[in-house]
């Protein structure tokens, strides 16, 4: 149970840290700000998918249990929590915004599209890791 909690916490921290890095880069570099502004949806969905794949690899290698629908729901809850924290941080960094506006604006574009991409990546990568783990055990 503790390993699962640590994996979940690491994924949550990685998702929130990604937004912090984007914010800091945007503040200190005009070129980075232009690139981020032009490609924010691609950046967010790619980073969320990478974190989801890394978590699936970690779960497949560290935990011995088979994937259940609960682990997919757990992953969706992690992404929703991370998105909520990111919206809250955005309000702290930009005081003229309010939480409801930021959350509503990013709900469909970032959260829903991110959930779809990350859940697909999570299931595929986890299945690959489990099959690799099975074939590795069979050869021993």
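Quick notes on this structure:
- Of all residues in segment 16-43 being surrounded by 14 or more Cβ atoms within 10 Å (Cβ to Cβ) and touching a residue at least 24 places away in the same chain (Cβ under 8 Å), the one that is farthest from residue 81 (Cα to Cα): 23
- Search result, residues across segment 31-52 that are at pLDDT 85 or above and over 30 Å from residue 3 (Cα atoms): 31, 34, 35, 38, 39, 42
- Every residue from segment 1-12 that is in a helix (DSSP H, G or I) and loosely packed, with under 14 Cβ neighbours inside 10 Å: 2, 3, 5, 6, 9
- Within segment 53-76, tally of residues that are surrounded by fewer than 12 Cβ atoms within 10 Å (Cβ to Cβ) and either within 11 Å of the chain's Cα centre (by Cα) or modelled with pLDDT of 80 or more (or both): 1
The values are calculated or read from the model by the stated rules, or taken from the named source; none is laboratory data. Quick caveat: nothing in here was measured; it's all calculated off a predicted structure. FYI the Cβ positions are ideal-geometry reconstructions off the backbone, even for glycines, and counts take in every protein chain you see.
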